[in-house]
Amino acid sequence: MSYIAAGLAIAGFAADMWAASEEDKAQAASTKKTRRQLAELFKTTKKQLGFQRDIELRSLKRVGKAIKGKQRAGYAAAGVKVDTGTPLAIAMDTNAQIAMDRQVIKTRYDLEVDAAYKRSEAGMPQQMPRTLGPTALRSGVTLLTSGEKSNYWGLLD
């Protein structure tokens with residue numbers, strides 16, 4: 001009888017090992033499927049963030065051109081040469097501010113993409129990206145439009 005019991009124990013152990021192996025295979029397949037889904041979601045999120053970045057950059061470009069045109073027209077209407085002295089310095093400052101705002105937009109995009117990638121790697125669900133544009137654009141417009149007043153950088157407030 002002990003041989004029968006030993007044989008049944010070995011058979012039971014083998015069956016348990018086979019079942020565990022099948023569970024491991026199912027778990028691996030499920031993990032692989034989840035990783036594929038997360039990778040696809042990351043690609044979609046990255047694309048959405050890219051669209052938002054492009055929209056924000058175009059908006060900044062349009063607003064920057066409008067501000068520069070308004071500054072130039074104001075000086076020209078007053079009979080001041082716009083390509084020398086203070087008007088030129090203000091135009092250069094405006095261009096520098098627009099360039100900084102552009103860099104803020106691009107850096108924020110890179111950070112959002114990096115965060116989405118890390119969430120994807122951690123297996124966390126992706127959060128729908130908040131729009132990049134309004135915050136950065138508003139900050140740039142605020143800084144740029146303060147140039148229409150005598151307090152260009154907002155230092156005297």
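The values are calculated or read from the model by the stated rules, or taken from the named source; none is laboratory data. Please read all numbers here as calculations on a predicted model, not as lab measurements. Using ideal geometry, Cβ is built from the backbone for each residue, glycine included, and neighbour counts are taken over all protein chains shown.
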First in the stretch 57-74 and over 16 Å from ARG102 (Cβ atoms) and without any contact (Cβ under 8 Å) to a residue 60 or more places away in the chain, second anywhere and surrounded by 13 or more Cβ atoms within 10 Å (Cβ to Cβ) and among the small types (Gly, Ala, Ser), Cβ under 8 Å, 6 or more apart: ARG72/ALA91
Any chance VAL113 is at pLDDT 60 or above, under 16 Å from the mean Cα position of the chain (by Cα), part of a helix (DSSP H, G or I) and within 18 Å of ARG62 (Cα to Cα): no
